[in-house]
Amino acid sequence: MLKGQVAVVTGGGRGIGRTIAQELAAQDAAVAVIGRTDASLQETVNSIRASGGTALHQACDVTDAAALRAALDAVGGELGPLTLLVNNAGIGSGGPLWEMDPDEWWRVMEVNLRGPLLATHAVLPGMLARGEGRIINVASYAGNSVGPGSSAYSTSKTALLRLTEGTAADVADAGLSAFAISPGFVWTDMGREYDQILRAQDPDYQGMDDDWVFPPEAAACLCSRLATGEADRLSGRMIHVRDDLDHML
Ligand code: NDP
């Protein structure tokens with residue numbers, strides 16, 4: 001489905017990002033994963049190559065503008081012009097506002113909002129010049145509502161939704177598109193951490209409602225379908241893995 005496409009997945013060393021990278025590669029995209037931890041990125045790359053796919057990794061922090069740009073340039077140099085950027089790297093936040101150091105609170109904005117902004121800013125000139133490219137921002141239902149202890153995370157995801165809408169509006173005339181996706185609740189490191197926070201906060205919490213729990217493969221399949229272009233007319237929208245994409249189209 002994605003032959004000829006070159007995809008970058010940030011936070012592709014584990015969790016949802018790894019599954020997205022593997023799915024895009026399974027659909028024949030050449031894939032680069034970016035993250036902080038060399039060893040886990042290498043594991044993702046090895047798993048893709050073992051299945052016959054094309055993959056490489058670049059280790060960097062998505063909040064480091066110069067390092068991120070250099071990493072994206074290196075990917076372009078090795079795999080060819082980027083056609084898909086998946087801004088997936090993210091961190092959660094735990095605790096009431098007053099217990100968080102403002103710098104710790106702002107760090108969530110740095111990773112979850114500034115990271116996608118920097119990556120988008122770095123790849124757009126090339127995509128605009130070629131008139132081809134898609135950006136998928138991994139948002140969250142938390143961008144639509146906020147509960148106790150989630151002010152930083154929720155604020156970052158709300159802003160990411162607006163960034164997605166603004167990006168889509170800015171690139172529409174050039175034939176590019178941008179989406180936000182919401183994966184539901186996924187049992188990753190972040191998901192387990194959030195589950196622990198809820199258990200500590202609420203003695204009545206019985207665990208995540210099954211209706212909200214999704215396998216990472218569901219988010220990966222959604223990314224892969226968006227990457228084909230079949231849903232380009234939904235550019236600027238947030239799409240939840242539980243949405244019926246066929247019905248939306
Ligand atoms: P994980 O905690 O399992 O993985 C986070 C990934 O982001 C890791 O690969 C990590 O890299 C990378 N990352 C974190 N900070 C940075 C940074 N500064 N620079 C580069 N890479 C970084 O999270 P999930 O897989 O669960 O989450 C992925 C995305 O999905 C996030 O944006 C999250 O907000 C979103 N999401 C998750 C949900 C869930 O229930 N799990 C629900 C809704 C949305 P490293 O290994 O190097 O630390």
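The values are calculated or read from the model by the stated rules, or taken from the named source; none is laboratory data. Since the model is a prediction, treat every value here as computed from it, not as a measurement. When we count neighbours, we look across all protein chains shown, and the Cβ atoms used for this are built from the backbone with ideal geometry, even at glycine.
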Residue among SER140, SER145 that is among the hydroxyl-bearing types (Ser, Thr, Tyr), surrounded by 24 or more Cβ atoms within 10 Å (Cβ to Cβ), more than 21 Å from GLN42 (Cα to Cα) and within 13 Å of the ligand (Cβ to nearest atom)
SER140
Condition broken by ARG114, with the remaining ones in (1) surrounded by fewer than 22 Cβ atoms within 10 Å (Cβ to Cβ); (2) at pLDDT below 95; (3) within 13 Å of the ligand (Cβ to nearest atom) satisfied
(2)
Counted residues in the range 152-185 being crowded, with 22+ Cβ neighbours inside 10 Å and within 12 Å of the ligand (Cβ to nearest atom) come to 9
Based on what the data block shows, is GLN201 free of Cβ contacts under 8 Å to residues at least 40 places away in the same chain and polar (S, T, N, Q)?
no
Just checking, does the range 89-97 include any residue being outside any helix (DSSP H, G or I), touching a strand residue (DSSP E or B) at 6+ places or on another chain (Cβ under 8 Å) and modelled with pLDDT of 95 or more?
yes
When every residue in the range 192-231 that is within 30 Å of GLN5 (Cα to Cα) and not hydrophobic (A, V, I, L, M, F, W, C) is compared, the one farthest from the chain's Cα centre (by Cα) is GLU230
Applying the selection to the range 22-42, what residues are within 21 Å of ALA67 (Cβ to Cβ) and either in contact with a Leu (Cβ under 9 Å, 6 or more places away or on another chain) or near the ligand (Cβ under 10 Å from one of its atoms) (or both)?
VAL31, ALA32, VAL33, ILE34, GLY35, ARG36, THR37, ASP38, ALA39, SER40, LEU41
Contact list please: Cβ distance under 8 Å, first residue in the range 8-21 and in contact (Cβ under 8 Å) with a residue 24 or more places away in the chain and assigned to a strand (DSSP E or B), second residue among the β-branched types (Val, Ile, Thr) and within 6 Å of the ligand (Cβ to nearest atom), pairs at least six apart or on different chains.
THR10/VAL62
Across the range 48-69, which residue is surrounded by the fewest Cβ atoms within 10 Å (Cβ to Cβ) among those that are more than 10 Å from the ligand (Cβ to nearest atom) and over 28 Å from ALA26 (Cβ atoms)?
ALA66
